[in-house]
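A short worksheet on the structure shown next.
Readers should treat all values here as calculations from the given coordinates under stated rules, not as data from a laboratory. All figures in this text were calculated on a predicted structure; none of them were measured in a lab. Cβ: placed from backbone, ideal geometry, glycine included. Neighbour counts: every protein chain shown.
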């Protein structure tokens, strides 16, 4: 896989991952995706804005899907688009507004075509609008998924990009950026994700710069148990700098063996090796060897024999 943009598109297009992303975004609304209700939509048929006669400017998203959501009492159709970002962008709320407007315009033109075919437009204004007062569009939702290893500081709302006082903003068009940034998530928010591929990627990106914690998560979090998706491994490999082929060749094996391979890779990284750095730091602080041995067992989920092996194998000289 060449880059994160390519890997992310394949990853978020997986129905299971897409559903988990939408559920995570809707977690505070009471709504959840009806499993098995996803229906792929053609982007070109939805997101296009008329620029000039016979010329169009397309507003394309990485994934566009129609689905059903429910809160237990109400079930409705919703259109969801995902925009994958490996870098922070300040204009995502504006881009989301353009996508929403494009969807609305496409819906309006389709309703006008249907009403004309049924001879349902009676007044001059109805003929002009093409939409009747009782017509309703399925709600559109645009989500931005940030795979970068830096904080997302982009403006959260479209009106935040405007040079105007706050008192004027309620009168203006509004649209949120709807960003899910794995780097920005708190550990508590990650723990609220159900175990699975999405949580595994979120953990790997969130802790990519904290190898000691990441190593511990790989060994203890249930999200890293089989099955392992190729697309998930691509994203994790790019985000953490792991050798992708090394991980993929073990994807058919149980996670214990995969973790062993990852463990050996981290140890072999020299000064950046997690266990090497871990033992060295504690010896510099003059922590007793017996305590280091206990810490290795508890922090890295090792048995005593293996922990002792790491200390005595000459990885770090006392």
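Worth pointing out:
- Enclosed volume per residue, in Å³, of the convex hull spanned by Cα atoms of region 4-184: 170
- Here the residues 199, 283, 27, ranked from fewest to most Cβ neighbours within 10 Å of their Cβ, fall in the order 27, 283, 199.
- Inter-centroid distance (Cα atoms) of region 96-149 relative to region 154-207, Å: 26
- Here the residues 146, 115, 206, ranked from fewest to most Cβ neighbours within 10 Å of their Cβ, fall in the order 115, 206, 146.
- Ordered by the number of other Cβ atoms lying within 10 Å of each residue's own Cβ, fewest first, 75, 159, 19, 134 fall into the sequence 134, 75, 159, 19.
- Our Cα-only numbers for region 70-122 put the radius of gyration and Dmax at 16.6, 50 Å.
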